[in-house]
1. Rounded, prolate or oblate, given the Cα gyration tensor of chain A, with a/c below 1.5 counting as rounded?
2. How big is the gap, in Å, between the Cα center of region A:1-37 and the Cα center of region A:54-126?
3. Can you give the average number of partner chain beta-carbon atoms within 10 Å of each beta-carbon in peptide A:69-78, as a whole number?
4. In debye to the nearest 20, how big a dipole does the protein assembly as shown give about its Cα centre with +1 on each Lys and Arg Cβ and -1 on each Asp and Glu Cβ?
5. Taking every residue in B:67-76, how many Cβ atoms of other protein chains lie within 10 Å of its Cβ, on average?
6. Mind checking the mean number of beta-carbon atoms from other chains within 10 Å of the Cβ atoms in A:83-92?
7. Please list the non-local residues whose amide H lies under 5 Å from the amide H of residue A:123, H modeled 1.01 Å from N, same-chain partners needing a gap of 5 or more.
8. Taking the simple approach of a point 7 Å from Cα along Cα-to-Cβ for both residue B:50 and residue B:2, what is their distance in nm?
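Nothing in this text is a laboratory measurement; each read-out follows from the coordinates by a stated rule. All figures in this text were calculated on a predicted structure; none of them were measured in a lab. All Cβ positions, glycine included, derive from the backbone under ideal geometry; neighbour counts span all protein chains shown.
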Amino acid sequence: MTTSPTASLAVRNCFLVVDDHDTAMAFYRDVLGFTVTQDVTNGDFRWLSLATPTQPELEITLQSVGIYPGSSPADREAMDTLLAKGLMNPLIFQCDDVDALFEHVVAAGGEVLQEPQDQFYGVRDCAFRDPAGNMLRFNQRLDQG
Amino acid sequence: MHRDDLVRLRRARDRMDRDYAQPLDVPALAAEALMSPGHFHRMFREAYDETPYQHLMTRRIERAAALLRHGDVSVTDACMAVGCTSLGSFSSRFTALMGVTPSEYRARAHGAAAVIPPCVGKLADRPAGTRSGSEKRRAGVPA
């Protein structure tokens, strides 16, 4: 049997831009329960990766908005502006109990964007801002038992 | 614009997205953002290309449209549920944004939509007059 060279592909790494690594790490690690898988500092550059409990191989890497590789000062300023305005791309998670998750994050002081709500396309979801200004959404499939 | 101001504007915008059903008004939002109403209005428009009031009403209309898609909610109930107190201004704003009256929208058949993340779905169901025809067709809204 021949296996396609693309058959084994999976997402391994995704990136979030943050203005402050320590504040962001505290949120992802202490509130969302993620594991820090890498934390390497080289001068002003810091590579900090976290993983969710169910996907230890998928690294969510926090990158500093001020030190984005290969960007001009104007680019950095533009990205920082987008982050501050909350216009960067969101990250969307799934979970088994979105209401319980919502209460947990609220109790920890999370910045609510949307309370749990049934969406017509088959999920119940809520949304928060992370401390840097990224939108995080949490979905629960409505057809789960 | 200073970063601190941008973050305050974002929080005000998030508050409208979160608490749209409450009786929010621009002077109160401006006070929370530590700005005068006029300054807040100008800064918000500069940052987001719409006024705070436009953003709030667009958000309310989006949510009202979501309620009306179910078909079992009356136009008046949808209006009140999203924080609008005047049926007249609700209807005229709805019609301006959606291209049809709330009653017409409610009566229309709404097929199953694709699984679109809400942040994107909000955009897809946000006919603020700037979307292309192909985007309207994808969203199931006649041009």
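1. Values: a/c = 1.71, a/b = 1.19, b/c = 1.44.
Oblate.
2. For region A:1-37 versus region A:54-126, the Cα centre distance is 12 Å.
3. On the way: counts 0, 0, 0, 0, 0, 0, 0, 0, 1, 0.
Partner Cβ neighbours, averaged per residue: 0.
4. Values: 31 positive and 37 negative charges, 237 e Å.
Taking the Cα centre of the protein assembly as shown as origin, the dipole is about 1140 debye.
5. Numbers: counts 1, 0, 1, 1, 0, 0, 0, 0, 0, 0.
Average per residue, whole number: 0.
6. Working: counts 4, 11, 9, 9, 4, 0, 2, 4, 0, 4.
Averaged over the peptide's residues, the number is 5.
7. A:142
8. The answer from the label model is 2.8 nm.
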